Amino acid sequence: MTSTFKQRFLEMTGKEVPLDYFLYTCFEAEKMLAGTEKRLGGPDKVDSRNTDPSLKEGLSATNEAAWERAVGSLYDWHCAREQNLLDRAPVDIERLCAVADEFVAFHADLRHLYHAVTGEGLPVFDEEEGLAPVWVAVTNVLDEKSPSASGLFKKFFAWAYNTWEPQVFEVGSRPPVGRYSPPPRLRTGGPGGRPEHSDRPAPRAEHSDRPHRDDRPRRDDRPQRDDRPRRDDRPQRDDRPRHHDDERSLQQEKEALAEVEKAIAKLESDPSTEFVDLPPTNSYQRRKQHHEINERGFKTQSVGEGHDRAVRATRDKGK
(Lines give C-alpha, C1' and ligand atoms only; values in the text may rest on other atoms or scores of the structure.)
Protein backbone atom coordinates (compact mmCIF):
# COMPACT_ATOMS: atom_id res chain seq x y z
CA MET A 1 0.00 0.00 0.00
CA THR A 2 1.41 3.41 -0.99
CA SER A 3 1.60 5.93 1.85
CA THR A 4 -0.09 9.31 1.53
CA PHE A 5 3.25 11.12 1.56
CA LYS A 6 4.71 8.92 -1.17
CA GLN A 7 1.55 9.28 -3.24
CA ARG A 8 1.74 13.07 -2.95
CA PHE A 9 5.42 12.93 -3.91
CA LEU A 10 4.64 10.90 -7.03
CA GLU A 11 1.84 13.28 -7.98
CA MET A 12 4.20 16.28 -7.72
CA THR A 13 6.96 14.65 -9.81
CA GLY A 14 7.39 16.46 -13.11
CA LYS A 15 5.24 19.41 -12.00
CA GLU A 16 6.50 22.76 -10.77
CA VAL A 17 6.50 22.87 -6.97
CA PRO A 18 4.08 25.25 -5.25
CA LEU A 19 5.44 28.71 -4.58
CA ASP A 20 5.33 28.52 -0.78
CA TYR A 21 7.00 25.08 -0.90
CA PHE A 22 9.83 26.66 -2.90
CA LEU A 23 10.15 29.63 -0.52
CA TYR A 24 10.17 27.35 2.51
CA THR A 25 12.97 25.26 0.97
CA CYS A 26 14.98 28.42 0.23
CA PHE A 27 14.56 29.55 3.81
CA GLU A 28 15.89 26.23 5.12
CA ALA A 29 18.80 26.39 2.65
CA GLU A 30 19.67 29.90 3.86
CA LYS A 31 19.80 28.71 7.47
CA MET A 32 22.08 25.81 6.54
CA LEU A 33 24.38 28.09 4.51
CA ALA A 34 24.61 30.60 7.36
CA GLY A 35 25.44 27.80 9.79
CA THR A 36 28.16 26.47 7.49
CA GLU A 37 29.73 29.91 7.12
CA LYS A 38 29.73 30.42 10.87
CA ARG A 39 31.27 27.01 11.50
CA LEU A 40 34.02 27.39 8.86
CA GLY A 41 34.82 31.03 9.61
CA GLY A 42 33.31 33.14 6.81
CA PRO A 43 31.91 32.99 3.26
CA ASP A 44 35.37 32.79 1.70
CA LYS A 45 35.82 29.38 3.41
CA VAL A 46 32.69 27.88 1.80
CA ASP A 47 33.07 26.30 -1.64
CA SER A 48 29.53 27.32 -2.67
CA ARG A 49 30.33 31.04 -2.28
CA ASN A 50 32.09 33.09 -4.98
CA THR A 51 33.85 36.02 -3.31
CA ASP A 52 36.12 36.87 -6.25
CA PRO A 53 36.96 40.60 -5.83
CA SER A 54 37.33 41.05 -9.62
CA LEU A 55 33.53 40.83 -9.99
CA LYS A 56 33.06 44.35 -8.62
CA GLU A 57 35.45 46.04 -11.04
CA GLY A 58 33.71 48.88 -12.88
CA LEU A 59 30.46 48.47 -10.93
CA SER A 60 28.34 51.28 -9.58
CA ALA A 61 24.77 51.52 -8.37
CA THR A 62 23.55 52.95 -11.72
CA ASN A 63 25.75 51.16 -14.29
CA GLU A 64 23.31 48.65 -15.79
CA ALA A 65 25.72 47.24 -18.38
CA ALA A 66 28.36 46.56 -15.77
CA TRP A 67 25.81 44.78 -13.61
CA GLU A 68 24.74 42.67 -16.58
CA ARG A 69 28.34 41.52 -16.99
CA ALA A 70 28.98 40.88 -13.29
CA VAL A 71 25.67 39.10 -12.61
CA GLY A 72 26.06 36.98 -15.75
CA SER A 73 29.56 35.93 -14.74
CA LEU A 74 28.44 35.17 -11.19
CA TYR A 75 25.43 33.14 -12.33
CA ASP A 76 27.54 31.17 -14.83
CA TRP A 77 29.85 30.22 -11.98
CA HIS A 78 26.93 28.76 -10.00
CA CYS A 79 25.45 27.05 -13.06
CA ALA A 80 28.79 25.28 -13.59
CA ARG A 81 28.42 23.89 -10.07
CA GLU A 82 24.77 22.90 -10.45
CA GLN A 83 23.53 21.95 -13.94
CA ASN A 84 19.91 21.79 -12.72
CA LEU A 85 19.82 25.59 -12.88
CA LEU A 86 20.12 25.33 -16.68
CA ASP A 87 17.50 22.59 -17.07
CA ARG A 88 14.55 23.64 -19.22
CA ALA A 89 12.17 21.35 -17.30
CA PRO A 90 10.07 22.76 -14.43
CA VAL A 91 11.51 22.78 -10.92
CA ASP A 92 9.77 19.72 -9.54
CA ILE A 93 10.13 18.04 -6.18
CA GLU A 94 13.02 15.84 -7.35
CA ARG A 95 15.19 18.79 -8.43
CA LEU A 96 14.01 21.25 -5.78
CA CYS A 97 16.77 20.87 -3.18
CA ALA A 98 19.60 21.04 -5.73
CA VAL A 99 18.13 24.13 -7.39
CA ALA A 100 17.23 25.90 -4.13
CA ASP A 101 20.64 25.30 -2.52
CA GLU A 102 22.57 26.78 -5.44
CA PHE A 103 20.09 29.62 -5.95
CA VAL A 104 20.43 30.59 -2.28
CA ALA A 105 24.22 30.60 -2.66
CA PHE A 106 23.87 32.84 -5.73
CA HIS A 107 21.57 35.16 -3.77
CA ALA A 108 24.12 35.38 -0.94
CA ASP A 109 26.90 36.24 -3.41
CA LEU A 110 24.69 38.85 -5.10
CA ARG A 111 23.90 40.46 -1.74
CA HIS A 112 27.58 40.44 -0.80
CA LEU A 113 28.62 41.93 -4.14
CA TYR A 114 26.06 44.76 -4.01
CA HIS A 115 27.07 45.67 -0.46
CA ALA A 116 30.77 45.67 -1.43
CA VAL A 117 30.02 48.17 -4.23
CA THR A 118 27.44 50.47 -2.60
CA GLY A 119 27.77 49.79 1.14
CA GLU A 120 24.03 49.13 1.28
CA GLY A 121 21.66 46.20 1.06
CA LEU A 122 19.89 45.19 -2.14
CA PRO A 123 17.19 47.68 -3.20
CA VAL A 124 13.44 47.14 -3.39
CA PHE A 125 12.28 44.68 -6.03
CA ASP A 126 9.14 46.15 -7.61
CA GLU A 127 8.53 45.42 -11.29
CA GLU A 128 5.53 47.76 -11.46
CA GLU A 129 7.39 50.79 -10.09
CA GLY A 130 10.55 50.01 -12.09
CA LEU A 131 13.58 47.95 -11.18
CA ALA A 132 16.99 49.18 -10.10
CA PRO A 133 19.86 48.42 -12.52
CA VAL A 134 21.02 45.44 -10.45
CA TRP A 135 17.55 43.86 -10.60
CA VAL A 136 17.24 44.54 -14.33
CA ALA A 137 20.49 42.65 -14.83
CA VAL A 138 19.36 39.81 -12.56
CA THR A 139 15.99 39.32 -14.31
CA ASN A 140 17.60 39.41 -17.76
CA VAL A 141 20.18 36.79 -16.78
CA LEU A 142 17.59 34.54 -15.13
CA ASP A 143 15.18 34.75 -18.07
CA GLU A 144 17.96 33.88 -20.49
CA LYS A 145 19.76 31.10 -18.63
CA SER A 146 16.99 29.59 -16.44
CA PRO A 147 13.66 30.27 -18.14
CA SER A 148 11.89 27.38 -16.37
CA ALA A 149 12.88 28.58 -12.89
CA SER A 150 13.09 32.34 -13.37
CA GLY A 151 9.46 32.82 -12.32
CA LEU A 152 10.09 31.21 -8.92
CA PHE A 153 13.37 33.08 -8.51
CA LYS A 154 11.79 36.46 -9.21
CA LYS A 155 8.93 35.71 -6.81
CA PHE A 156 11.57 34.97 -4.17
CA PHE A 157 13.19 38.37 -4.73
CA ALA A 158 9.80 40.10 -4.78
CA TRP A 159 8.91 38.51 -1.45
CA ALA A 160 12.29 39.07 0.19
CA TYR A 161 12.75 42.68 -1.03
CA ASN A 162 9.21 44.03 -1.25
CA THR A 163 5.83 43.91 0.51
CA TRP A 164 4.24 41.55 -2.01
CA GLU A 165 2.44 38.60 -0.44
CA PRO A 166 0.51 35.82 -2.18
CA GLN A 167 -2.93 35.40 -0.69
CA VAL A 168 -3.75 31.81 -1.67
CA PHE A 169 -1.57 28.72 -1.45
CA GLU A 170 -2.15 25.27 -2.82
CA VAL A 171 -3.61 22.78 -0.36
CA GLY A 172 -1.01 20.38 1.01
CA SER A 173 2.03 22.57 0.40
CA ARG A 174 4.32 23.51 3.27
CA PRO A 175 3.60 26.82 5.04
CA PRO A 176 5.94 29.80 4.72
CA VAL A 177 8.07 30.41 7.80
CA GLY A 178 10.57 32.89 9.19
CA ARG A 179 10.85 36.24 7.46
CA TYR A 180 8.71 34.91 4.59
CA SER A 181 5.69 34.24 6.79
CA PRO A 182 2.65 36.56 6.56
CA PRO A 183 2.11 39.02 9.43
CA PRO A 184 0.04 37.78 12.42
CA ARG A 185 -3.67 38.49 12.39
CA LEU A 186 -4.93 41.16 14.78
CA ARG A 187 -7.10 40.09 17.68
CA THR A 188 -10.47 41.84 17.64
CA GLY A 189 -12.21 40.17 20.57
CA GLY A 190 -10.65 42.33 23.29
CA PRO A 191 -8.50 41.16 26.21
CA GLY A 192 -9.14 37.49 26.84
CA GLY A 193 -11.69 37.28 24.04
CA ARG A 194 -11.68 35.15 20.92
CA PRO A 195 -10.65 36.90 17.68
CA GLU A 196 -13.08 37.13 14.81
CA HIS A 197 -10.62 35.25 12.60
CA SER A 198 -9.15 32.58 14.83
CA ASP A 199 -5.51 31.63 14.33
CA ARG A 200 -6.27 28.10 15.49
CA PRO A 201 -5.03 25.64 12.83
CA ALA A 202 -7.57 23.88 10.68
CA PRO A 203 -8.51 20.28 11.56
CA ARG A 204 -6.19 17.61 10.23
CA ALA A 205 -7.05 16.38 6.80
CA GLU A 206 -8.23 12.81 6.43
CA HIS A 207 -5.15 11.96 4.38
CA SER A 208 -2.72 12.97 7.17
CA ASP A 209 0.06 10.48 7.89
CA ARG A 210 -0.32 10.94 11.64
CA PRO A 211 -2.40 8.18 13.26
CA HIS A 212 -5.73 9.10 14.79
CA ARG A 213 -5.83 9.47 18.57
CA ASP A 214 -7.88 6.28 18.95
CA ASP A 215 -5.34 4.33 16.86
CA ARG A 216 -2.30 5.31 18.91
CA PRO A 217 -0.78 2.67 21.24
CA ARG A 218 -2.04 2.66 24.81
CA ARG A 219 0.38 3.44 27.60
CA ASP A 220 0.46 -0.20 28.73
CA ASP A 221 1.29 -1.34 25.18
CA ARG A 222 4.25 0.96 24.70
CA PRO A 223 7.72 -0.61 24.82
CA GLN A 224 9.54 -0.29 28.12
CA ARG A 225 12.82 1.60 28.36
CA ASP A 226 15.62 -0.91 28.92
CA ASP A 227 17.88 1.59 30.66
CA ARG A 228 15.32 2.48 33.32
CA PRO A 229 15.12 0.13 36.35
CA ARG A 230 11.76 -1.40 37.05
CA ARG A 231 9.88 -0.30 40.14
CA ASP A 232 10.71 -3.52 42.03
CA ASP A 233 14.44 -3.04 41.37
CA ARG A 234 14.60 0.50 42.69
CA PRO A 235 15.98 1.07 46.22
CA GLN A 236 13.30 0.86 48.88
CA ARG A 237 12.65 3.77 51.22
CA ASP A 238 14.42 2.07 54.15
CA ASP A 239 17.49 1.46 51.99
CA ARG A 240 17.84 5.05 50.82
CA PRO A 241 20.47 7.23 52.52
CA ARG A 242 19.04 9.37 55.30
CA HIS A 243 19.73 13.05 55.63
CA HIS A 244 21.53 12.53 58.98
CA ASP A 245 24.00 10.00 57.62
CA ASP A 246 26.40 12.65 56.42
CA GLU A 247 29.21 14.05 58.51
CA ARG A 248 27.56 17.39 59.16
CA SER A 249 24.37 15.87 60.57
CA LEU A 250 26.32 13.53 62.82
CA GLN A 251 28.25 16.49 64.20
CA GLN A 252 25.01 18.38 64.87
CA GLU A 253 23.58 15.36 66.69
CA LYS A 254 26.70 15.10 68.84
CA GLU A 255 26.47 18.78 69.80
CA ALA A 256 22.73 18.51 70.56
CA LEU A 257 23.25 15.56 72.93
CA ALA A 258 26.12 17.39 74.61
CA GLU A 259 23.71 20.23 75.44
CA VAL A 260 21.36 17.62 76.95
CA GLU A 261 24.15 16.46 79.27
CA LYS A 262 24.83 20.02 80.39
CA ALA A 263 21.14 20.67 81.12
CA ILE A 264 20.69 17.46 83.12
CA ALA A 265 23.88 18.10 85.08
CA LYS A 266 22.61 21.55 86.06
CA LEU A 267 19.19 20.23 87.12
CA GLU A 268 20.77 17.47 89.21
CA SER A 269 23.36 19.71 90.89
CA ASP A 270 21.05 22.63 91.76
CA PRO A 271 17.64 21.65 93.23
CA SER A 272 16.47 25.28 93.00
CA THR A 273 16.69 25.25 89.19
CA GLU A 274 13.21 24.58 87.79
CA PHE A 275 14.10 24.38 84.09
CA VAL A 276 16.94 24.74 81.59
CA ASP A 277 16.51 25.96 77.99
CA LEU A 278 18.72 24.25 75.42
CA PRO A 279 20.09 26.18 72.39
CA PRO A 280 17.78 26.27 69.35
CA THR A 281 18.24 23.51 66.79
CA ASN A 282 16.34 21.80 63.98
CA SER A 283 13.30 19.57 64.46
CA TYR A 284 15.21 16.32 64.01
CA GLN A 285 17.78 17.16 66.70
CA ARG A 286 15.03 18.46 69.04
CA ARG A 287 13.28 15.11 68.78
CA LYS A 288 16.50 13.35 69.80
CA GLN A 289 16.86 15.74 72.73
CA HIS A 290 13.26 15.17 73.89
CA HIS A 291 13.78 11.41 73.85
CA GLU A 292 17.11 11.51 75.72
CA ILE A 293 15.88 13.89 78.43
CA ASN A 294 12.69 11.87 79.03
CA GLU A 295 14.76 8.68 79.30
CA ARG A 296 16.78 10.36 82.07
CA GLY A 297 13.63 11.09 84.15
CA PHE A 298 12.99 14.73 83.30
CA LYS A 299 10.13 16.46 81.49
CA THR A 300 10.45 18.41 78.24
CA GLN A 301 8.56 20.94 76.17
CA SER A 302 9.28 23.03 73.06
CA VAL A 303 9.50 26.80 73.37
CA GLY A 304 10.03 29.60 70.86
CA GLU A 305 9.02 29.97 67.23
CA GLY A 306 10.71 29.44 63.86
CA HIS A 307 14.50 29.36 63.99
CA ASP A 308 14.38 30.09 67.75
CA ARG A 309 12.46 26.89 68.50
CA ALA A 310 14.25 24.97 71.30
CA VAL A 311 13.79 22.27 73.96
CA ARG A 312 13.15 23.17 77.62
CA ALA A 313 14.11 20.54 80.21
CA THR A 314 12.08 20.75 83.45
CA ARG A 315 12.32 19.01 86.78
CA ASP A 316 9.74 16.32 87.51
CA LYS A 317 7.41 17.59 90.23
CA GLY A 318 7.86 14.31 92.08
CA LYS A 319 11.58 14.96 92.60
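The values are calculated or read from the model by the stated rules, or taken from the named source; none is laboratory data. These figures come from a predicted structure and were not determined experimentally. Heads up, the Cβs are rebuilt from the backbone with ideal geometry, glycines too, and the neighbour counts pull from every protein chain shown.
Can you tell me which residue within segment 37-50, out of those that are in contact (Cβ under 8 Å) with a residue 12 or more places away in the chain and in a helix (DSSP H, G or I), is nearest to the chain's Cα centre (by Cα)?
37
Select, from 33, 19, 23, the only residue that is at pLDDT 90 or above and either loosely packed, with under 12 Cβ neighbours inside 10 Å or of a type outside the set (Asp, Glu) (or both). Step through it out loud before you land on a result.
Values: 19 fails: at pLDDT 90 or above; 23 fails: at pLDDT 90 or above.
None of the others qualify; the one that does is 33.
Quick check on my filter: what residues within segment 263-295 are farther than 22 Å from residue 251 by Cα and not in a helix (DSSP H, G or I)?
Across segment 263-295, the qualifying residues are 270, 271, 272, 273, 274, 275, 276.
Which numbered condition in (1) in a loop (DSSP other than H, G, I, E, B); (2) surrounded by 21 or more Cβ atoms within 10 Å (Cβ to Cβ) is the only one that residue 113 fails?
(1)
Would you call residue 88 assigned by TED's automatic domain parsing to the domain that holds residue 25, of a type in the set (D, E, K, R), surrounded by fewer than 21 Cβ atoms within 10 Å (Cβ to Cβ) and not in a loop (DSSP other than H, G, I, E, B)?
no
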